[in-house]
Amino acid sequence: MTSCSSARSLPPPSRLPSSAASSSPGASRASPPPPTGAPAPTAEAAVHARKPAAPYPCHVPTEVLVIRHAETYGNIEGRFCGHSETDLTPRGIAQARALGLRLRGQQFDAAASSDLSRAILTARHALEHHPAPLDPLPDPRLREMHYGEWEGLPASDIAKTQADLLREFFTGRRHAAPGGESVQQLRERTAAALRDLVDRYQGGRLVVVSHGNAIAALLAELLGMPLERTWAFAVANTSVTRLTFGRSGRVTLAAFNDTAHLEGVELP
């Protein structure tokens, strides 16, 4: 088990590759940032997948399963891990494996995930029974929010010295942690990542694995919700949210925060 370290966290969005720049608490070690001078992620590089065997009819909507990563040590410690790395707990691994069993036999055309290990490992477990090998390619635009000065800290510690700021953040009156990414930046980068994927695989079925606050921001942006309502969503570990995208650009929330795969499963 490792703890979230703000000193070793990944760089804030302004230092990510241009297309990746511009909540969940989590415990961790840090992973290296994208290589200096690496090309910005593109729609072509944002997913590792098989292209559909034949074009889909124009009336077929694109279906996207948006999944939050499994439980981490940072989650149970109540930390703001943000861009820092964190390990899945034994319970989290069991959750991800249960999700894989739920998706067994389903066919997907593409998969993408945040480039943080908790999302990548969850995606791999989710797809381990896929009919053909399908590995998620990491996309840094799907990372969790960057929490600035709060990175790596437990919310309980922040509440001792910055209780008013913390309250304003969670009630939507403050749109960024001190020195961190803004809610609007988070909304825009996550939505851009998903739209790029949908544009490439129109009419397909896609899997995307991200983070709690990132998914809340993504949904708020796609559904046109006001900025102050961004945190209206509570997203559970390994929950499945299903979106459909029509060719006209219409986005439909078909299912939200579905954790049926965890019912009756004995978790550590």
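One table, with the values for the structure above:
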| read-out | value |
| --- | --- |
| Index of the failed condition, G179 passing every other in (1) in a loop (DSSP other than H, G, I, E, B); (2) surrounded by 17 or more Cβ atoms within 10 Å (Cβ to Cβ) | (2) |
| Only listed residue being touching a strand residue (DSSP E or B) at 6+ places or on another chain (Cβ under 8 Å) and within 26 Å of R195 (Cα to Cα), chosen from L137, L153 | L137 |
| Test: E181 is modelled with pLDDT of 95 or more and over 30 Å from Q107 (Cα atoms) | yes |
| Any hit, region 221-228, residues being more than 14 Å from A191 (Cα to Cα), under 18 Å from the mean Cα position of the chain (by Cα) and either not in a loop (DSSP other than H, G, I, E, B) or not hydroxyl-bearing (S, T, Y) (or both) | no |
| Lone qualifier among T238, T244 - being closer than 22 Å to G92 by Cβ and surrounded by 13 or more Cβ atoms within 10 Å (Cβ to Cβ) | T238 |
| Yes/no for D196 being over 20 Å from T62 (Cβ atoms), in a helix (DSSP H, G or I) and not polar (S, T, N, Q) | no |
| Count of residues meeting criterion [basic (K, R) and in a helix (DSSP H, G or I)] in region 229-245 | 1 |
| Condition broken by G203, with the remaining ones in (1) under 19 Å from the mean Cα position of the chain (by Cα); (2) surrounded by fewer than 23 Cβ atoms within 10 Å (Cβ to Cβ) satisfied | (1) |
| Test for A216: is it among the small types (G, A, S) and out of contact with any strand residue (DSSP E or B) (no Cβ under 9 Å at 6 or more places or on another chain) | yes |
| Some residue of region 167-175 being modelled with pLDDT of 95 or more and buried (at least 17 other Cβ atoms within 10 Å of the Cβ) | no |
| Scan of region 119-164 for residues that are assigned to a loop (DSSP other than H, G, I, E, B) and among the hydroxyl-bearing types (S, T, Y), ordered by number | Y147 |
| Complete set of residues in region 246-265 that are more than 20 Å from T72 (Cβ to Cβ) and assigned to a loop (DSSP other than H, G, I, E, B) | G246, R247, S248, G249, R250, E263, G264 |
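The values are calculated or read from the model by the stated rules, or taken from the named source; none is laboratory data. The shown structure was predicted, so the numbers you read here are calculated from the model rather than taken from an experiment. As a convention, Cβ positions derive from the backbone with ideal geometry for all residues, glycine included, and neighbour counts pool all protein chains shown.
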